[in-house]
Amino acid sequence: MVHDAHAATAIPGWQGVKADYSGDKQAFPVPWGKAMMWIFLLSDTFIFTCFLVGYMNVRLSTTDPWPLASEVFSLHVAGHTLPLLLIAIMTFILITSSGTMAMAVNYGYRRDRVRTTALLVATAVLGASFVGMQAFEWTKLIVEEGIRPWGNPLGAAQFGSAFFMITGFHGAHVSAGVIYLLVTAWRVWSGFYDRKGTYETVEVAGLYWHFVDLVWVFIFAFFYLW
Amino acid sequence: MAQAEGQQHPIRIYLWIWLLLFVLSTFSYLVDYFHLQGYLRWSLIITFMLLKAGFIVAIFMHMTWERLALKLAILLPPVSLLVLIAFMAIEGQHTFVTRLASFLP
């Protein structure tokens, strides 16, 4: 009857707030870091959905023609125009990084410090190259195509605002993830998790990284392919 | 205890899902490459997208092996977003028709 005792005797100040909110109960018998990361990702799902729904709304309601993503994002390679080539490469890079991340989590639980670190660094490098390609893509769109958040010469003005908002927010997530992964990699390498006795934190970092890939799946489908 | 070392599964399963994601991404890229149009294009894009998202959440994010309470807590709330999508689609259509009627010559 520990819970009842808590409720009956009010502890003064912030300690009381903490005691009341914790209530000596745990809803999900998983590591707290994992539960919190899932809840954060749930809130992030709502944010990204709001962006994509906003994009759907402006695209439905505009009377100007929507620029053709297939042509806007094409690359000229050796005299050929390949539609969405850069975006396809970025997609494959992100999937590859998701694969190396999954392996890192697996080797982490096997307590293979060297392989886990190497795979985490590989994931971070792939993520950084994704951001680099995105910077290239943005530069091309801004400088060569003249696309701005408030208008563009190709058609509907909303194209730019939706594009910069959605891919910018996703790119910020990837950049934050790269830093997150490098910190985790350093901690694995320095034996921090061996001393802590658990590699769960690597899995939690993995959840964040897979989510970044997950969001890209939706952006790729709705913004680039639709 | 089985849970002591958390989520541990054979490497093989990750490699298979990895390959599958590559194949599905290639398919969705080919939808654009071959200029498929209309309902065929949209249904293929949505199918490949949902398959990819499902495999990432289920296998890479280990949702398959989590307890039902956590699955429900994370996977059910986003369903409410379908209402937002439906409302905004209706609203967008309405705005489009209003613009056609009022602002175009």
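The values are calculated or read from the model by the stated rules, or taken from the named source; none is laboratory data. Computed from a prediction, not measured in an experiment: that's the story for all the values here. Here Cβ is always computed from backbone atoms with ideal geometry, including for glycine, and neighbour counts include all displayed protein chains. Accessible surface is based on the protein model in full, side chains and every heavy atom, while ligands, DNA and RNA are left aside. Shrake-Rupley method; radii C 1.70, N 1.55, O 1.52, S 1.80 Å.
Filtering region B:58-70 down to residues that are more than 7 Å from every other protein chain (Cβ to nearest Cβ) and among the hydrophobic types (A, V, I, L, M, F, W, C), which residue is least open to solvent (accessible area, probe 1.4 Å)?
Residue satisfying both the conditions and the ranking: B:63.
Conditions (1) among the hydroxyl-bearing types (Ser, Thr, Tyr); (2) open to solvent by 40 Å² or more (accessible area, probe 1.4 Å); (3) free of Cβ contacts under 8 Å to residues at least 24 places away in the same chain; (4) away from chain B (no Cβ under 14 Å), marked per residue:
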{"position": "A:123", "(1), (2), (3), (4)": "yes, no, no, no"}
{"position": "A:127", "(1), (2), (3), (4)": "no, no, no, yes"}
{"position": "A:141", "(1), (2), (3), (4)": "no, no, no, yes"}
{"position": "A:193", "(1), (2), (3), (4)": "yes, no, no, no"}
{"position": "A:199", "(1), (2), (3), (4)": "yes, no, no, no"}
{"position": "A:202", "(1), (2), (3), (4)": "no, no, no, no"}
{"position": "A:207", "(1), (2), (3), (4)": "no, no, no, no"}
{"position": "A:220", "(1), (2), (3), (4)": "no, no, no, no"}
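State yes or no: is residue A:189 modelled with pLDDT of 95 or more, surrounded by fewer than 17 Cβ atoms within 10 Å (Cβ to Cβ) and closer than 28 Å to residue A:110 by Cα?
Values: modelled with pLDDT of 95 or more: yes; surrounded by fewer than 17 Cβ atoms within 10 Å (Cβ to Cβ): yes; closer than 28 Å to residue A:110 by Cα: yes.
Here the answer is yes, as residue A:189 does meet what is asked.
Could you list, in sequence order, the residues of region B:51-105 that are more than 19 Å from residue A:57 (Cα to Cα) and either more than 21 Å from the chain's Cα centre (by Cα) or not in a helix (DSSP H, G or I) (or both)?
Hits for region B:51-105 are B:61, B:62, B:66, B:67, B:69, B:76, B:104, B:105.
Picking from B:82, B:50, which residue would you name as being closer than 29 Å to residue A:96 by Cα, at pLDDT 95 or above, open to solvent by 70 Å² or more (accessible area, probe 1.4 Å) and of a type outside the set (Ser, Thr, Tyr)? Give the derivation first.
On the way: B:82 fails: closer than 29 Å to residue A:96 by Cα.
Going through B:82, B:50 in turn, just one is closer than 29 Å to residue A:96 by Cα, at pLDDT 95 or above, open to solvent by 70 Å² or more (accessible area, probe 1.4 Å) and of a type outside the set (Ser, Thr, Tyr): B:50.
Scan (1) at the interface with another protein chain (Cβ under 9 Å from one of its Cβ atoms); (2) in a loop (DSSP other than H, G, I, E, B) for the single condition residue B:36 breaks and write down its number.
Failing condition for residue B:36: (1).
May I ask you to verify whether residue A:45 is within 30 Å of residue A:222 (Cα to Cα), of a type in the set (S, T, N, Q), open to solvent by less than 80 Å² (accessible area, probe 1.4 Å) and touching a Ser or Thr at 6+ places or on another chain (Cβ under 9 Å)?
No, not satisfied.
Take residues that are among the aliphatic types (A, V, I, L, M) and modelled with pLDDT of 95 or more and tell me which of the helices (runs of 4 or more DSSP H) falling wholly in region A:1-106 contain 1 or more.
Per the criteria, A:32-61.
What is the one condition in (1) over 24 Å from residue A:89 (Cα atoms); (2) more than 9 Å from every other protein chain (Cβ to nearest Cβ) that residue B:11 does not satisfy?
(2)
Tally time: how many residues in region A:53-72 are open to solvent by less than 30 Å² (accessible area, probe 1.4 Å), more than 7 Å from every other protein chain (Cβ to nearest Cβ) and of a type outside the set (Gly, Ala, Ser)? Break it down stepwise before answering.
Start the filter on region A:53-72 by keeping residues that are open to solvent by less than 30 Å² (accessible area, probe 1.4 Å), which leaves A:53, A:55, A:57, A:61-62, A:67, A:69-70, A:72.
Adding the requirement that they be more than 7 Å from every other protein chain (Cβ to nearest Cβ) leaves A:55, A:62, A:67, A:69, A:72.
Cutting the leftovers down to of a type outside the set (Gly, Ala, Ser) gives us A:55, A:62, A:67, A:72.
Residues meeting the conditions: 4.
For residue A:31, state whether it is open to solvent by 60 Å² or more (accessible area, probe 1.4 Å) and not acidic (Asp, Glu).
Values: open to solvent by 60 Å² or more (accessible area, probe 1.4 Å): no; not acidic (Asp, Glu): yes.
For residue A:31, the condition - open to solvent by 60 Å² or more (accessible area, probe 1.4 Å) and not acidic (Asp, Glu) - is not met.
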